[in-house]
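Visitor: Sharing a structure with you now.
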Ligand code: 5GP
């Protein structure tokens, strides 16, 4: 469980998108602002070419993953396309306490678990313009074989059918528009009354 007071410090933002939606590109732009921190997840899948341990993911064995679940280290986890993925508590708490906005780049099951454990979290779903565009982007990336791509496109359709459970939908057609939409969401969330009650009191008390 994330405690209420932890969430109040920084904002917890969940971003879900089927792979190939351009989520990595969007987050790379957003993370140029140091106040954002993207949690590095643990996974049991093998690294893709160019991926680095501790940067893209912590690549760990299924045994270690299970041990971390048993020890309560996982804030949330899910099985996706035959592999485990999970967010480590330590990655999130520390940064929220520092006042940074923490982004969790996670799939739908994990997002719904966060929704339950931290109702203040803001859930954003990134949509591709179409499934055909998504397949094309995966083929162009060239990191998966045809069978894996078909499996991921099927998984994408299943995930997109759950997008209505999120707070915001951003279509990633032109990346700069998607980045601008994301920052607008964050700004609007920060201006919500529920996040600014202290300011009202401050003004009244300094009358
Ligand atoms: P990929 O293998 O393409 O890197 O990731 C596959 C899916 O797992 C993506 O939808 C990604 O967002 C999700 N994912 C990555 N890390 C986590 C995590 O810590 N928890 C959950 N629930 N999903 C994750």
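Read-outs: derived from the displayed coordinates by stated rules, not from any lab. All values reported here derive from a predicted model rather than from experimental measurement. Virtual Cβ from ideal backbone geometry, glycine too; neighbours counted across all protein chains shown.
Visitor: Could the peptides 122-134, 141-153 be put in order, highest first, of the mean number of other beta-carbon atoms found within 10 Å of their residues?
Guide: By packing density, highest mean first, the sequence is 122-134, 141-153.
Visitor: If you don't mind, another one. Evaluate the relative contact order of the stretch 1-110 (contact order divided by residue number), counting alpha-carbon pairs under 8 angstrom at least 6 apart; express in whole percent.
Guide: 42 percent
Visitor: Along the Cα→Cβ direction, 7 angstrom out, place labels at residue 120 and residue 98. What is the inter-label distance in nm?
Guide: If labels sit at residue 120 and residue 98, their model points lie 1.9 nm apart.
Visitor: Return the Rg/Rh value of the stretch 36-79, two decimal places, where both radii are evaluated on C-alpha atoms and Rh is the Kirkwood radius.
Guide: Rg/Rh for the stretch 36-79 comes to 0.98.
Visitor: Report the relative contact order of the stretch 28-88, percent, no decimals, based on alpha-carbon pairs under 8 angstrom and at least 6 residues apart. If you can, show how the numbers build up before the last one.
Guide: Working: 73 pairs, mean separation 21.0, N = 61.
With pairs under 8 Å counted, the relative contact order is 34 percent.
Visitor: If R0 is 22 Å, what FRET efficiency do you get for residue 52 and residue 25 from their C-beta distance, rounded to 0.05? Walk me through the numbers before you get to the answer.
Guide: Details: r = 18 Å, r/R0 = 0.81.
Efficiency, from the Cβ-Cβ distance: 0.80.
Visitor: Please express the Cα-Cα pair-distance distribution P(r) of the stretch 17-105 as a list of whole percents, one per 5 Å bin, running from 0 to the bin with the greatest distance.
Guide: Taking all Cα pairs of the stretch 17-105, the binned fractions are 3, 13, 22, 25, 21, 12, 5, 0 percent.
Visitor: Could you check the spin-label model distance between residue 199 and residue 45? Points 7 Å from the Cα along Cα→Cβ, value in nm.
Guide: In this crude spin-label approximation the distance works out to 3.9 nm.
Visitor: Evaluate the relative contact order of the chain (contact order divided by residue number), counting alpha-carbon pairs under 8 angstrom at least 6 apart; express in whole percent.
Guide: 30 percent
Visitor: Could you tell me how many degrees, from 0 to 90 and to the nearest 10, lie between the Cα long axis of helix 146-160 and the main elongation axis, the longest principal axis, of the Cα atoms of the chain?
Guide: That helix lies at roughly 30 degrees to the long axis.
Visitor: Answer rounded, prolate or oblate for the stretch 64-194, using the Cα gyration tensor with square roots of eigenvalues a ≥ b ≥ c: rounded when a/c is under 1.5, else prolate when a/b is larger than b/c, else oblate.
Guide: It comes out oblate by the Cα gyration axes.
Visitor: If I model a spin label at residue 207 and residue 145 as a point 7 Å from the Cα along the Cα→Cβ vector, what separation in nanometres do I get?
Guide: Output for this residue pair reads 7.3 nm.
Visitor: So how much slack lies between residue 63 and residue 9, counting 0.36 nm per residue of separation and subtracting their Cα-Cα distance, in nm?
Guide: Difference between extended and current length: 16.0 nm.
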